[in-house]
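Report on the following structure.
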Amino acid sequence: MRSLLPILTVLGAIVAIWYFAVAPMNVRVALDQVERSGATVEPATSVERRATSVWRLMRNNSEHVSVGYALERPRLPTPTQVGQELWKTTGEMVLRGRALSKRSLILHGWITLKSTLSGFVLGTVLGILGAVAIVYSRVTRMSLMPWAIISQTIPIVALAPMIIVLSSQLGVEGRGLPKAIISAYLCYFPVLVGMVKGLQSPAIAQLDLLRTYSASGLQSFLKLRLPASVPYLFTSLKIGIAAALVGTIVGELPTGAVSGLGARILIGDQFGTPLAIWAALFTAAILAGLLVTFLDLSQRLILRRMGMPS
Amino acid sequence: MTWLGIALIFWLAAWAVNVALARSRYHDTRLVRLVVPLLFGGSLLVLWEGLVRGLNISPVILPAPSVVAQTFANSTDILWVDFTQTVLKGALSGYAIGCLSAFIAAIAIDRSAFLTRGLLPIGNFVAALPIVGIAPILVSWFGFDWQSKAAVVVVMVFFPMLVNTVQGLRETDQMQRDLMHTYAAGYVTTLTKLRLPAAMPFMFNGLKIAATLALIGAIVAEYFGSPTRGMGFRISTGVGSLSIDLVWAEIFVAALAGSGFYGAVALIERAVTFWHPSQRGRA
């Protein structure tokens, strides 16, 4: 709580800078609009204005600068406009009983969330299995580990359109599966690395103690290695879920997608409605925040129940 | 089917060799450490080739590695043009600008404990956000050429780099700073001789994360409009026009560029932070 005031200050500063930036960013569009509505602008034509710097435009037409704060298609919307658009596409739709209409961000957020979660589960299972194989078998460690590292330096987004085309040609309906594969690809690596560390975290003395109890390999795995790896697992899960969300949104970006937050961004770009892009971006940010917070809370709860310092 | 059989046998044989190598007493030598993953990767390629030939998979769905290699060799000029456009102009310039400005910002913020406390949680949060989505906005601000790609990369690498640098700058403990104080070292001397070297492992962590993000940003931004060259452009049009072999060649270039970029940063890290425990003991 000690850092609440600093955080609020920084947030306030960001919003203030944003508000100030709106004026120079939008002044050209605003003046074009004012000119069309018949008012005199200095310099008079849009071509002449292009050669003038935004600061001079703002000084010469100070009475028109405020128009830039209420444009329908701004280059940079104000935080208030983004908030209004968010409310219009979520809360207001719920109030009107159309929470799942095609324009509602709740629907698109839900579609993105579904793919993210299935990719997250797939990636986590793969990561944990890979970690167990790596910890227990030297040959897998030697042959798999370098490729696991290299796989993360390959930009998956290059593969994303390929995965979508491949799966549609193999007869997979819809985009759910390819999106989940992309997000699983991004999310398995942090889990793998974290679990390898976690499974190897018990000290030799602890492993030896279990041997004196004549514990079998499975028993020492279930009773010592697995519990010891839980804190590591949660730390990597938090990274993994954020990566999975990025993967899903990237999977929704290549042309042709119609549903999901990434598709809303794409459609907003094609139809020239920046407010829709910003609203979708903020929904994605809120989604990421909720997912990470949820994992953080469950980490605290579970670690406390297990008697570990969280 | 014979192709498939041969490929499967080769893969199993390679695995058997790997098992033998890993169990032999040479398993800790450098050569074996290199051979085992190479053999594994190579056997996967053979398996892919065998699958494509054995099951007669159409090259429109999945071309064989040999076809991709041929396309790669035949279209090096196109690939080079795309490489300069996306990697050298878009990703690298954005990476340099983003990391440098994050570094400067971190040093500025670090002077105020209040700002550090406020910015670290926000920076950590922003670093977890799907920032790639900002690409269409930046493309509409900065135009279709590489400047907009560099801008996307700047935004993507800024926060991971900032957070890591700020954390690294807090790494020194009171005792070490007191020692510098007894030497009558000022702020700048303490910064350059003690705190920046101590922050290096963290900064390189940030630089490595940023290296993988930079390529992602540059390629995704090209999906939203680019001149008629660039890796993202070639991939999205190649998928549309079914020249899948060229797309795979492009993916191969992306993989090479990504691994090479990351490897270069890791090599510099090893040279700069040779004193750090994680780097010692590796000949």
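What follows draws every value from the coordinates through simple rules; no lab data is involved. Only a predicted model underlies this, so the values are computations on that prediction, with no experimental measurement involved. Methodologically, a virtual Cβ is constructed for each residue, glycine included, from the backbone with ideal geometry; neighbour enumeration extends over all protein chains shown.
Computed values, structure above
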{"item": "Region B:160-246: C-alpha gyration tensor shape, a/c 1.5 cut-off, then a/b vs b/c", "result": "prolate"}
{"item": "Inter-probe distance in nm under a simple model that places probes 7 Å from Cα toward Cβ, at residue A:36 and residue B:16", "result": "7.5"}
{"item": "Dipole magnitude of chain A, debye to nearest 20 (Cβ charges: Lys/Arg +1, Asp/Glu -1, about Cα centre)", "result": "780"}
{"item": "Relative contact order (%) - criterion: Cα under 8 Å, at least six apart; region: region A:112-180", "result": "47"}
{"item": "Region A:95-180, Rg to Rh (Cα coordinates; Rh as Kirkwood inverse mean 1/r)", "result": "1.13"}
{"item": "FRET efficiency, 1/(1 + (r/R0)^6) with R0 22 Å, evaluated for residue B:145 and residue B:241 via beta carbons", "result": "0.45"}
{"item": "Three-way shape label, region A:255-294, alpha-carbon gyration tensor, a/c 1.5", "result": "oblate"}
{"item": "CD proxy at 222 nm, helix term only [per DSSP H run n ≥ 4: -39500 (n - 2.57); per residue of chain A; nearest 500]", "result": "-24500 deg cm²/dmol"}
{"item": "Most mobile of A:208, A:296, A:32 in a GNM of chain A (Cα contacts under 10 Å)", "result": "A:208"}
{"item": "Chain B: DSSP helices with Cα axial extent of at least 18 Å and average Kyte-Doolittle hydropathy no lower than -1.0", "result": "B:2-23, B:30-54, B:93-110, B:113-127, B:146-169, B:196-222, B:244-272"}
{"item": "Relative contact order %, chain B, counting alpha carbon pairs below 8 Å whose residues are six or more apart", "result": "22"}
{"item": "Normalised alpha carbon radius of gyration of region B:113-175 [divisor 2.2 N^0.38 Å]", "result": "1.42"}
{"item": "Size of charge dipole - region A:187-310 - debye, nearest 20, with Cβ of Lys, Arg +1 and Asp, Glu -1, no other charges", "result": "540"}
{"item": "Mean separation of Cα contacts under 8 Å (6+ apart) over length of region A:241-310, as relative contact order %", "result": "24"}
{"item": "Partners for residue A:238 among lysines (Cα-Cα distance below 23 Å; same-chain residues under 8 apart left out)", "result": "A:114, A:179, A:197, B:208"}
{"item": "Selected from A:31, A:209, A:159 as most flexible by GNM, with chain A as the system and alpha-carbon contacts under 10 Å", "result": "A:209"}
{"item": "10 Å Cβ neighbours from other chains, averaged over peptide B:251-262", "result": "4"}
{"item": "Equivalent ellipsoid semi-axes - Cα gyration tensor, region B:1-121, angstrom", "result": "45, 26, 14"}
{"item": "Range in chain B, longest, excluding exposed chymotrypsin sites (Phe, Trp or Tyr not before Pro) [loop by DSSP; at most 15 other beta-carbon atoms within 10 Å]", "result": "B:27-182"}
{"item": "Values of log10 I(q)/I(0), in the order q = 0.16, 0.27, 0.31 Å⁻¹, for region B:20-72 under a Debye, Cα-only, solvent-free model", "result": "-0.59, -0.98, -1.14"}
{"item": "Range of Cα positions in the protein assembly as shown per principal axis (Å), largest first", "result": "87, 72, 52"}
{"item": "Highest-MSF residue in chain B out of B:192, B:172, B:84 [GNM, Cα springs under 10 Å]", "result": "B:192"}
{"item": "For A:140-150, mean number of other protein chain Cβ atoms within 10 Å", "result": "6"}
{"item": "Cα extents of chain A along the three principal axes, largest first (Å)", "result": "91, 55, 44"}
{"item": "Cα convex hull volume per residue for chain B (Å³)", "result": "164"}
{"item": "Trypsin sites (Lys or Arg not before Pro) within region B:91-151, DSSP loop, no more than 14 other Cβ atoms inside 10 Å", "result": "B:111"}
{"item": "Exposed-site-free run, longest, chain A (rule: GluC sites (Glu not before Pro); DSSP loop; at most 13 other C-beta within 10 Å)", "result": "A:174-310"}
